[in-house]
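Chemist: Sharing a structure with you now.
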Amino acid sequence: QPAAGDFSFKAEVRQLLDILVHSLYTNREIFLRELVSNASDALDKLRFEQSKGAEIADPDLELAISIEADKDKKILTIADTGLGMTHDEIVANIGTIAHSGTADFVKAAAQGTEKKSLENFIGRFGVGFYSVFMVAKEVELVTRSYKPGEQAWRWTSDGLGTYRIEPVEGEVKRGTTITVHLKDDVDKYADVHTLRDIIRRHSNFVTFPILVAGERANTVQALWREPKFEVKPEQYAEFYKFLTHDIDDPLDTLHTSVDAPVQFSALLFVPQKNYDVPGMGLERKGLDLYVRRVLIQKDNKDILPEYLSFLRGVVDSEDLPLNISRETLQENVLLRKISQTLVKQVYSELERLANDKDKYAEFWREHGKLFKFGYGDYLQRDKYAELVRFNSSASEDADGLVSLAEYAGRMREGQKEIYYASGPSREALQLNPHLELFRRKGLEVLYLYEPVDEFAMDALGKYKDHDLKAAEHADPAVIEALPDVEQAEKPETPAISDEEVAAFPDLLKRMKEILGERVTEVRESKRLKDSPACLVTPGEHMTASMQKIMRAMAK
Ligand code: ADP
Ligand code: MG
């Protein structure tokens, strides 16, 4: 028999609770969304066990969530008939062992992350359960596991550092009941109308009935199975927020239903904001996979390749077997077909989105960094080339975005190649001596600011018939052959005297002596006019910045 008694929360959990208990988030009502979402997860898991034919306790219990409130006593209860928890599961899930996200959440809170986004993070960090302490002075959780013959347990805590676990005698049905003793200033959460309203706003799409004081409060609807033309934009937005706990509407929605080669429906969203702040330790999210409306796996990361993982949503198939194990999903041939078809559809959707330049620019600013890593997806290479964007010498400022098609469409007569150059910033590239000749000839140069850009250029190699070429590797003779563009009057560079020219060989020799092993050669340049000198790489294959990356990777 596992131990009953008093336990301490782990340090990170205590810190987290401290933040939540003392928080004055305006949006404290989200605690209900978190508790309901846990209840719904527990029901999903139970249904999954059921579909596999596992033996479960109280098999006739309806799968539902019931919410009751007592305004006088300032008490709220949320009960589910899901899979419940054993003693050890309680300790593991809501006790001493903190989720990986907990410490990150505490860090984000300590860094003073904007209040608004902190509320957003509560869901994303997987610290949902503890958010109940934003409104509770005491919480009691009674639970019995679905496994036949398990003992029922009571967990209680005031959220101040310790919790108590004790066995419950007498009859307890399968599932979990959470009793919230509300703080005095939030007794409105014991009001049935308020509760119904919150459920409708945050939990409308929970796929199990939610009964508030015996009446159903949610509309129970698998929106992704509805015919597209019957779904209103508000419903999509509502579902998106329900799914992601985001507070903004989605930037774009892809709703699709496919019959061959595999039947599936998918409802995917592009979020407005990319919340994967580097270094914040937020785990990459995935798609929720359903088989005939039964949730098989949350956050599946195999259906879409990583570079498309900015997309959130659900996939539901009639054709996959219900008893499929999560371990073998990855090798499942049908799932791979779904994945291929879905990736194609995502590309088509992005092509459509690209027609709206402003919206696509928004998309690119948030998710372009990740999308660019799609250069390795050779099946999509042509479409990928149409969708990447760069800043260029022709852009008005560093925010300007250029497609390869736009570049190709305005190439100079006689120009065959598309030129690019890497640098830390637009300012640096505008002063780059390698690009002087290009400026003089009016040749557009794509500006690459991130390491991945150059890998992408290398992988693509060509756009239509045009080679993608690093400016520093371009043949100066080819470029010189193009006529100069007319430029505003510039002061003449003073002519160089014959004596000075005669001194060149000595000067070059002296420079080489001083620079020694650091350079292979110092030679006179015919291509520079405004800049005194520039560095060139001897090899044909790697640009200077690529060498820098390779050196950094080799460390
Ligand atoms: P998350 O839902 O992201 O895992 P939470 O803090 O919301 O994080 O919940 C922590 C864990 O506690 C859940 O993963 C689950 O294992 C357990 N849990 C919470 N509520 C319930 C419930 N109603 N029934 C069964 N398990 C629950
Ligand atoms: Mg949760």
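Chemist: When you look at SER100, is it hydroxyl-bearing (Ser, Thr, Tyr), within 16 Å of ligand 2 (Cβ to nearest atom) and modelled with pLDDT under 90, yes or no?
Modeler: Yes; evaluated as a whole, the condition is true for this residue.
Chemist: Still on this structure, please answer the following. Six or more apart or on different chains, Cβ under 9 Å: which pairs go from a residue in the stretch 236-260 that's closer than 18 Å to LYS285 by Cβ to one that's part of a strand (DSSP E or B) and of a type in the set (Asp, Glu)? Could you list them?
Modeler: Going by the 9 Å Cβ cut-off, the qualifying pairs are LEU243/ASP288.
Chemist: Follow-up question, since we're still on this one. May I ask you to say which residue of ILE210, ILE165, ILE198 is in contact with a strand residue (DSSP E or B) (Cβ under 9 Å, 6 or more places away or on another chain) and either exposed (fewer than 14 other Cβ atoms within 10 Å of the Cβ) or within 28 Å of ASP316 (Cα to Cα) (or both)?
Modeler: ILE210
Chemist: Between a residue in the stretch 25-52 that is within 14 Å of TYR146 (Cα to Cα) and any residue that is among the hydroxyl-bearing types (Ser, Thr, Tyr) and within 13 Å of ligand 1 (Cβ to nearest atom), which pairs come within a Cβ distance under 8 Å, given they are 6 or more apart or on different chains?
Modeler: Within 8 Å, the pairs are ALA39/THR176; ALA42/THR176; LEU43/THR81; LEU46/THR81; LEU46/TYR146; GLU49/TYR146.
Chemist: Among the candidates PHE208, PHE269, which residue alone is of a type in the set (Phe, Trp, Tyr) and either farther than 25 Å from ASP302 by Cβ or over 19 Å from the mean Cα position of the chain (by Cα) (or both)?
Modeler: Checking each option against the conditions leaves just PHE208.
Chemist: Now for a separate question. Within the stretch 158-183, take every residue that is of a type in the set (Gly, Ala, Ser) and in contact (Cβ under 8 Å) with a residue 24 or more places away in the chain and give me the one that is farthest from SER131 (Cα to Cα).
Modeler: GLY175
Chemist: Follow-up. Looking at TYR407, TYR375, which one is hydroxyl-bearing (Ser, Thr, Tyr), within 18 Å of PHE438 (Cβ to Cβ) and at pLDDT 95 or above?
Modeler: Just one listed residue meets the conditions, TYR407.
Chemist: OK, next. I'm trying to understand the selection: among the residues of the stretch 57-80, which are buried (at least 17 other Cβ atoms within 10 Å of the Cβ) and assigned to a loop (DSSP other than H, G, I, E, B)?
Modeler: Those that are buried (at least 17 other Cβ atoms within 10 Å of the Cβ) and assigned to a loop (DSSP other than H, G, I, E, B): ALA57, LEU63, ALA64, LYS74.
Chemist: Do we find a residue being over 23 Å from ALA456 (Cβ atoms), out of contact with any Lys or Arg (no Cβ under 7 Å at 6 or more places or on another chain), modelled with pLDDT under 95 and surrounded by 17 or more Cβ atoms within 10 Å (Cβ to Cβ) anywhere in the stretch 306-316?
Modeler: Checked the stretch 306-316: no residue is over 23 Å from ALA456 (Cβ atoms), out of contact with any Lys or Arg (no Cβ under 7 Å at 6 or more places or on another chain), modelled with pLDDT under 95 and surrounded by 17 or more Cβ atoms within 10 Å (Cβ to Cβ).
Chemist: Might you check whether a residue that is of a type outside the set (Ser, Thr, Tyr), at pLDDT 95 or above and either closer than 16 Å to VAL13 by Cα or within 14 Å of ligand 2 (Cβ to nearest atom) (or both) occurs anywhere in the stretch 143-153?
Modeler: There is no residue in the stretch 143-153 that is of a type outside the set (Ser, Thr, Tyr), at pLDDT 95 or above and either closer than 16 Å to VAL13 by Cα or within 14 Å of ligand 2 (Cβ to nearest atom) (or both).
Chemist: Being within 16 Å of ligand 2 (Cβ to nearest atom), part of a helix (DSSP H, G or I) and among the hydrophobic types (A, V, I, L, M, F, W, C) is the filter here, so list the residues in the stretch 81-93 that pass it.
Modeler: ILE90, ALA92
Chemist: A further question on this structure: In the stretch 506-522, how many are within 21 Å of PRO476 (Cα to Cα), loosely packed, with under 12 Cβ neighbours inside 10 Å and not polar (S, T, N, Q)?
Modeler: Selection size over the stretch 506-522: 1.
Chemist: Which residue, of GLU166, GLU140, GLU171, is outside any strand (DSSP E or B) and closer than 23 Å to LEU83 by Cα?
Modeler: Checking each option against the conditions leaves just GLU171.
Chemist: Could you check how many residues of the stretch 6-54 are more than 12 Å from ligand 1 (Cβ to nearest atom), of a type in the set (Asp, Glu), modelled with pLDDT of 85 or more and in a helix (DSSP H, G or I)?
Modeler: Summing the residues that are more than 12 Å from ligand 1 (Cβ to nearest atom), of a type in the set (Asp, Glu), modelled with pLDDT of 85 or more and in a helix (DSSP H, G or I) in the stretch 6-54 gives 1.
Chemist: Which condition does LEU320 not pass, out of (1) under 21 Å from the mean Cα position of the chain (by Cα); (2) crowded, with 19+ Cβ neighbours inside 10 Å, if it passes all the others?
Modeler: All conditions are met except number (1).
Chemist: I've got another one for you. Going by the structure shown, is GLY82 at negative phi, within 13 Å of ligand 1 (Cβ to nearest atom) and at pLDDT below 85?
Modeler: No: the conditions fail for GLY82.
The values are calculated or read from the model by the stated rules, or taken from the named source; none is laboratory data. This one's a predicted model, so the numbers in the text were calculated from it and none came from an experiment. Counting neighbours? That spans all protein chains shown, and the Cβs are built from the backbone with ideal geometry, glycine included.
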